[in-house]
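Just so it is clear, none of the values below were taken in a lab; they were calculated from the coordinates. This one's a predicted model, so the numbers in the text were calculated from it and none came from an experiment. Using ideal geometry, Cβ is built from the backbone for each residue, glycine included, and neighbour counts are taken over all protein chains shown.
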Amino acid sequence: MNDEKNNGSGKRIVGGVIFVAGFIIALIFGWVVFPNLLYSQRPQPMEFSHAAHQDSTCEDCHFFRDDGTYSGIPRIEKCKECHESPMGQTEDERILVEEFIQQDREIPWRIYSWQPDNVYFSHAPHKVKGVECVVCHRDVSKEEKLPPYKENRLTGYSINTMKMDVCEKCHAEQGANNNCGVCHK
């Protein structure tokens, strides 16, 4: 009878060890392996240095239109204002001038903060409230190179796309409307 008790407690210990080992493996898979499988690193069409453009203001390239809508990524016409001819000897400057400006082609930038299709977002009310860009976007002022662009293999969105809980938290803290219909149309 004593052997049966020892055998039963031994099975529980082995079962517990197997459970804990399985749990740890599941955590590693969920936190390390799966995200690396889900996201692929994609190249930008060329390198861009925000730091090299510090002699101009952010609004010189990223501005609000008269109706309050945001211009977003600058069009090639904006780049032409300064880069009609090469301003340096880098390969990226050559690509900009020869492959995009001279051919009048838009640069197919991968957008880090592109929102899902079911989200309506306007910068205008945030600008009126005085929300600084760096509250929602990374501070690019000293950025010499673009960070890696990681794209979700299933949705095509960037890993840096702002998540809904971030918006909800800020709205709650600021006393702003958190009704679903405000952002989802």
(message) Suppose the chain between residue 177 and residue 117 were pulled fully straight at 0.36 nm per residue; how much longer would it get relative to their current alpha carbon spacing?
(response) 19.5 nm
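Given R₀ = 22 Å, FRET efficiency for residue 52-residue 104 by Cβ-Cβ distance, to 0.05? Present the calculation step by step, with values, prior to reporting the outcome.
Working: r = 23 Å, r/R0 = 1.05.
Once rounded, the FRET efficiency stands at 0.40.
Pull out a ≥ b ≥ c, the square roots of the eigenvalues of the alpha-carbon gyration tensor of segment 110-185, then state rounded if a/c is under 1.5, prolate if not and a/b is larger than b/c, and oblate in the remaining case.
Oblate, since a/c reaches 1.5 and b/c is not below a/b.
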(request) Hey, for a label at residue 137 modelled as a point 7 Å past Cα toward Cβ, could you say which residues of segment 61-103 have their backbone N under 19 Å away? (result) 61-82
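Order by neighbour count: 25, 95, fewest other Cβ atoms within 10 Å first, most last. Please list the in-between numbers first.
Working: 25 11, 95 15.
So the ranking, lowest neighbour count to highest, is 25, 95.
Calculate for the chain the 222 nm mean residue ellipticity that helices alone would give, adding -39,500 (n - 2.57) per DSSP H run of length 4 or more and normalising by residue count, nearest 500 deg cm²/dmol.
After summing the helix terms and dividing by the residues of the chain, the value is -10500 deg cm²/dmol.
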(request) Sticking with the crude label model, points 7 Å out along Cα→Cβ, report the distance from residue 185 to residue 59 in nm, one decimal please. (result) 2.6 nm
